[in-house]
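Following: one structure in structure tokens, then a few remarks.
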Amino acid sequence: MSMDRRKLALLAVAVPVGALAAAAPAHADGAAVLHANLSPVNQSGAHGTAKVTVKGTRVTVHIESGGLLAHSPHAQHFHIGGQHRCAPPEAADDITDDGRLSTTEGEPYLGGVRISLTTEGDTSPASALAIDRMPVADAHGTVEYHRTFEVPEDVAAALRSGKAVLEQHGVDHNGNGTYDFQGAGKSDLDPSLPAEATDPATCGELVPAPRGGMAAGAGGTAAPSVDTAALAASALLAAAAGAGAAVRHRFAGTARRG
Ligand SMILES: [Cu+2]
């Protein structure tokens, strides 16, 4: 009896606080929403969609993709600094002349890795090939990814202005169900890894979504109740405040690399 009453009392306090915290950023003019259609690269057969919300330097990423190599990690990044577009097919033979598009061949178009879309911890370029912290496709080759984290100001600005590209990596070129060196040799990024583990599998340009269209399209059926959303938002804010400090600290000490 007393425990239930205590929980109720806590909720009674928590809900108004959460509502206050959520109200300010959710409807302020600062938020930008980007969308990407992830198209297959290297005949991977993979595809997907991504939604990125930018509020100040706080970024929320939601990716749903399918057709990837099952039971395998898939490195994924925001690429910034090139022509902010996915590589055209003719880029595939720039360097290796083998018809396969490597990450290096795509870089003039996409730009280098600026954000590593890891599942936990560091998101800087230093984690570009942190395979043990990248999402793993399930038995159906599906990757669902959802994370909120802090980014440097120039990354937030690039995202807002539609100058970032999302790329997922990992292609089973020889179709044997695993990343191996027989498929396409060594990775252009790290010779200790098979090229199959790092070759691009999907690519999509992050394009600003029209402000009016989003609410009608994406809000729909699965929207949580106001109280739930407010509580979740306040928890995210608290978490982001803590995580943001750690990420910024790491960025300060990490040399930038493409
Ligand atoms: Cu990448």
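A few remarks follow.
- Count of region 112-138 residues, restricted to those that are crowded, with 23+ Cβ neighbours inside 10 Å, of a type outside the set (A, V, I, L, M) and part of a strand (DSSP E or B), is 1.
- Region 149-176 residues that are of a type in the set (K, R), paired with ones that are more than 16 Å from the ligand (Cβ to nearest atom) and at pLDDT 95 or above (beta carbon under 7 Å, 6 or more apart): R160/A32; R160/V54
- Restricted to region 68-85, and to residues there that are open to solvent by 40 Å² or more (accessible area, probe 1.4 Å) and assigned to a loop (DSSP other than H, G, I, E, B), the residue that is farthest from the ligand (Cβ to nearest atom) is H71.
- Qualifying residue in region 11-23 (condition: open to solvent by 20 Å² or more (accessible area, probe 1.4 Å) and either within 16 Å of the ligand (Cβ to nearest atom) or modelled with pLDDT of 70 or more (or both)): no
- Residue match in region 170-181 (condition: modelled with pLDDT of 95 or more, surrounded by fewer than 22 Cβ atoms within 10 Å (Cβ to Cβ) and of a type in the set (S, T, Y)): yes
- E64 being modelled with pLDDT under 95 and out of contact with any Leu (no Cβ under 8 Å at 6 or more places or on another chain): no
- Whenever a residue of region 129-148 is hydroxyl-bearing (S, T, Y), its partners that are modelled with pLDDT of 95 or more, lying with C-beta atoms within less than 6 angstrom and at least six residues away or across chains, give the pairs T142/G66; Y145/I63; Y145/P135; T148/T60.
- Note on region 92-111: residues that are open to solvent by 20 Å² or more (accessible area, probe 1.4 Å) and either closer than 20 Å to A158 by Cα or within 10 Å of the ligand (Cβ to nearest atom) (or both) amount to 3.
- Of the candidates V165, V171, the single residue that is in a loop (DSSP other than H, G, I, E, B), within 13 Å of the ligand (Cβ to nearest atom) and touching a Leu at 6+ places or on another chain (Cβ under 9 Å) is V171.
- Check on A50, open to solvent by less than 40 Å² (accessible area, probe 1.4 Å) and modelled with pLDDT under 95: no
- Leading residue by the ranking (farthest from S102 (Cα to Cα)) among those in region 150-202 that are of a type in the set (D, E, K, R) and in contact with a Lys or Arg (Cβ under 9 Å, 6 or more places away or on another chain): E150
- As a summary of the residue check, I63 satisfies the conditions (1) within 16 Å of T202 (Cα to Cα); (2) outside any loop (DSSP other than H, G, I, E, B); (3) more than 15 Å from the ligand (Cβ to nearest atom) except for the one numbered (3).
- Which numbered condition Y145 misses (of (1) assigned to a loop (DSSP other than H, G, I, E, B); (2) of a type outside the set (G, A, S); (3) out of contact with any helix residue (DSSP H, G or I) (no Cβ under 8 Å at 6 or more places or on another chain); (4) crowded, with 18+ Cβ neighbours inside 10 Å): (1)
The values are calculated or read from the model by the stated rules, or taken from the named source; none is laboratory data. Just so it is clear, the structure is predicted and the values come from calculations on it, not from any experiment. When we count neighbours, we look across all protein chains shown, and the Cβ atoms used for this are built from the backbone with ideal geometry, even at glycine. Heavy atoms of the whole protein, side chains included, go into the accessibility calculation; ligands, DNA and RNA do not. Shrake-Rupley method; radii C 1.70, N 1.55, O 1.52, S 1.80 Å.
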